[in-house]
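Report on the following structure.
The values are calculated or read from the model by the stated rules, or taken from the named source; none is laboratory data. Please read these numbers as outputs of a predicted model, since none were measured by experiment. Cβ sites come from the backbone with ideal geometry, for glycine too, and all protein chains shown count toward neighbours. Ligands, DNA and RNA are excluded from the accessible area calculation, which covers all protein heavy atoms including side chains. Shrake-Rupley method; radii C 1.70, N 1.55, O 1.52, S 1.80 Å.
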Amino acid sequence: MTHNWTLEQQAVISAIRNPNRGSILVSALAGSAKTTTIVAALQEFDAGYSPTVLCLAFNKRIAVELEKKLPKTITVKTMNALGHRAWGNYIGRRVNIDADKTWDFINQTWPTPKRDAEPKEHERTLDEKIAINCAVTWAKNYGWVPDNIANQYPYVKSFASFEAVANAVDLQLSIEVNEGDVREILRQSIEASFAGTIDFNDQIYMPCCFGGNWDKFDLVVVDEAQDLSALNHVMLRKSCKTNTGRLVAVGDDHQSIYGFRGAASGRMGMLQEQWSMEILPLTLCFRCKSNIILHVQKVVPEIRYWEENKGGAVIGASNPTLDWNPENAEEGSAIICRNNAPLMSVAFSLLRARRSFKLLGGDIGKGLINLCKKFPQDSFEGWAKGLKDWAHKESKKEKANKKRIQDKFESLMALAEDNPNPEEILRRLDIIFNSTSGSITLCTGHKSKGFEWEHVYFLDSHLLNLDDQQDRNLDYVIQTRAIDTLEYVNMSVKRKRNYEEE
């Protein structure tokens, strides 16, 4: 395939190499060899055209791989690394990363009271501190700068309102957050950033909202364009040479699944309009066998299969296997689900059967462990009642995300199927979220993006809300992770436990 390009690939390669073609939007569907195509295009350019090139990767892992494949003259960075450099150049000093900066400011502002001390008005509970930390994170992701802070600095631009931040916190935690608290911690964080201490969110927030000194390039190439935030769009504009710079944005609007991070569907359309981009498609999927692609076409009609990749199987699409036993999962397969709770049931079953597995996205483990510890630890009955009462209380809040609350409730109850003591539940959580080398992969649809497996079990597909665009996109992402076999299975009959019915 490397030397036998399709007509679509030839068109993309030719357009990137030609300076007269302007900016380009490559609409690359799942498995369409977009990286291979872009790397080939950047190996050489038309005679007389020797551009400075910046290639932006979605994460560090991909950036490292790209650096190995691209000419040494091409600059390869992640968005965070790009922002880090722009901020350091702007403040004229070395910039240090402190990942715990925000949390440290919160604890310094509201110290933990001594045991048995009378609560004071200025103190904050642990839940309130977590909500403030979450709100500061989202303020930076969305680009919210409070007016009273913005007025202290020149050239400040705010991209969102506090309402957007508060809604994001409520979506994540189902907890209301005080705007004044968030303003105070943001103020401290911003002051520290000007002094040279930033966290990972600051790498993008500070240079986009408070000013950055950006390196300029003739050609900027960015992958996963559908997942870019408003601040990422600013970074692209700042990195391209004014008037003469070209942008090549590669992505798939059907794979836009990070709306909760500010990457709403339609971002690629916004780029195309703002940059007057020529649109070039890559619709041929080299990953999935033909029968899988014929199934995927019900969701994305324009995707096509490679003629040399016929066969494969889709099992149970209209009639999923009920009460499926994950202990029978094939070695090397992946089990993918919309929600976390079904995966906890799978993990527990595999644990009991002594089947090795690995869980992608262990970052959710810390939240579940902290939640588990909130309830009485002396007996299962007291613990379960505490969890149930928490779920009831959180679900009754005005803007509560009941599906997220239910998922957390079910995730913990899945590990308590045999009514163990709370210490055992914590032990199981620890084992599951530290399982990283097994032959069977467990992951949510969001974490599956960028991976592929010969056999994919699509677990509890009915949990997707196909009236929602993000969930329709997630459906497509999960389906296109399968190379040879896509099998629909269902465990809900076995595991479903609802706090409203407990």
- Query: Looking only at residues in the stretch 9-29 that are more than 29 Å from the chain's Cα centre (by Cα) and touching a residue at least 40 places away in the same chain (Cβ under 8 Å), which one is most open to solvent (accessible area, probe 1.4 Å)?
  - Reply: R21
- Item | N473, sole failed condition from (1) touching an Asp or Glu at 6+ places or on another chain (Cβ under 9 Å); (2) open to solvent by less than 60 Å² (accessible area, probe 1.4 Å); (3) closer than 24 Å to A353 by Cα | (3)
- Note on the structure: For the stretch 130-158, the count of residues that are under 12 Å from Y205 (Cα atoms) and either modelled with pLDDT under 90 or touching a Cys at 6+ places or on another chain (Cβ under 7 Å) (or both) equals 5
- Task: Identify all residues within the stretch 138-155 that are in contact with a helix residue (DSSP H, G or I) (Cβ under 8 Å, 6 or more places away or on another chain) and open to solvent by less than 40 Å² (accessible area, probe 1.4 Å); write none if there are none.
- Result: W138, A139, K140, G143, W144, V145, P146, I149
- Item | Matching residues, the stretch 180-190, being more than 17 Å from I91 (Cβ to Cβ) and either among the hydroxyl-bearing types (S, T, Y) or open to solvent by less than 10 Å² (accessible area, probe 1.4 Å) (or both) | V182, I185, L186
- Are there any pairs with C-beta distances below 7 angstrom linking a residue in the stretch 309-335 that is closer than 18 Å to L359 by Cα and of a type in the set (A, V, I, L, M) to a residue that is modelled with pLDDT of 90 or more and part of a loop (DSSP other than H, G, I, E, B), with the two at least 6 apart or on different chains, and if so which? A334/R481; I335/A329
- Note on the structure: In the set T242, T283, the lone residue that is closer than 13 Å to V220 by Cβ, among the β-branched types (V, I, T), over 23 Å from the mean Cα position of the chain (by Cα) and open to solvent by 10 Å² or more (accessible area, probe 1.4 Å) is T242
- Within the stretch 50-80, can you find the residues that are outside any loop (DSSP other than H, G, I, E, B), of a type in the set (A, V, I, L, M, F, W, C) and farther than 13 Å from N232 by Cβ? V53, L54, C55, I62, A63, V64, L66, V76
- Restrict the check to the stretch 248-269 and report whether at least one residue is within 30 Å of A160 (Cα to Cα), assigned to a loop (DSSP other than H, G, I, E, B) and aromatic (F, W, Y). yes
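How many residues does the stretch 50-65 contain that are farther than 21 Å from K447 by Cβ and either at pLDDT below 95 or in contact with a strand residue (DSSP E or B) (Cβ under 9 Å, 6 or more places away or on another chain) (or both)? Spell out the reasoning first.
At the first step, the residues of the stretch 50-65 found to be farther than 21 Å from K447 by Cβ are 50-56.
With either at pLDDT below 95 or in contact with a strand residue (DSSP E or B) (Cβ under 9 Å, 6 or more places away or on another chain) (or both) added as a condition, the list becomes 51-56.
Within the stretch 50-65, residues that are farther than 21 Å from K447 by Cβ and either at pLDDT below 95 or in contact with a strand residue (DSSP E or B) (Cβ under 9 Å, 6 or more places away or on another chain) (or both) number 6.
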- Select from the stretch 191-218 the residues that are surrounded by fewer than 23 Cβ atoms within 10 Å (Cβ to Cβ) and among the aliphatic types (A, V, I, L, M) and write down the one among them that is nearest to the chain's Cα centre (by Cα). A192
- Query: For the stretch 306-334, which residues satisfy the criterion of being open to solvent by 60 Å² or more (accessible area, probe 1.4 Å) and either in contact with a Cys (Cβ under 8 Å, 6 or more places away or on another chain) or not acidic (D, E) (or both)?
  - Reply: W306, K310, I315, S318, N319, L322, N328
- Task: Write out, first by first residue and then by second, each pair whose Cβ atoms fall under 9 Å of each other, whose residues are 6+ apart or on separate chains, and whose first residue, in the stretch 48-61, is surrounded by fewer than 15 Cβ atoms within 10 Å (Cβ to Cβ) while the second is basic (K, R).
- Result: Y49/R17
- Do you know which residues across the stretch 78-107 are over 29 Å from the mean Cα position of the chain (by Cα) and without any contact (Cβ under 8 Å) to a residue 24 or more places away in the chain? G92
- Task: Quickly run through the stretch 354-368 and pick out the residues that are open to solvent by less than 40 Å² (accessible area, probe 1.4 Å) and out of contact with any Ser or Thr (no Cβ under 7 Å at 6 or more places or on another chain).
- Result: G362, G365
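Tell me the residue from S256, S229 that is out of contact with any His (no Cβ under 6 Å at 6 or more places or on another chain), buried (at least 21 other Cβ atoms within 10 Å of the Cβ) and over 26 Å from I91 (Cα atoms), please. Give the steps one after another, and end with the answer.
Numbers: S229 fails: over 26 Å from I91 (Cα atoms).
Answer to the selection: S256.
Let's see how each residue does on (1) farther than 20 Å from F217 by Cβ; (2) not hydroxyl-bearing (S, T, Y):
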site: W5; (1), (2): yes, yes
site: V12; (1), (2): no, yes
site: R21; (1), (2): no, yes
site: S32; (1), (2): yes, no
site: A41; (1), (2): no, yes
site: S50; (1), (2): no, no
site: V53; (1), (2): no, yes
site: A57; (1), (2): no, yes
site: I62; (1), (2): no, yes
- Task: Identify all residues within the stretch 21-45 that are part of a strand (DSSP E or B) and either farther than 20 Å from W306 by Cβ or acidic (D, E) (or both); write none if there are none.
- Result: I24, L25
- Task: Would you be able to say whether some residue in the stretch 149-163 is basic (K, R) and more than 29 Å from L66 (Cα to Cα)?
- Result: yes
- Task: May I ask you to verify whether I293 is outside any loop (DSSP other than H, G, I, E, B), of a type outside the set (G, A, S), crowded, with 17+ Cβ neighbours inside 10 Å and modelled with pLDDT of 95 or more?
- Result: yes
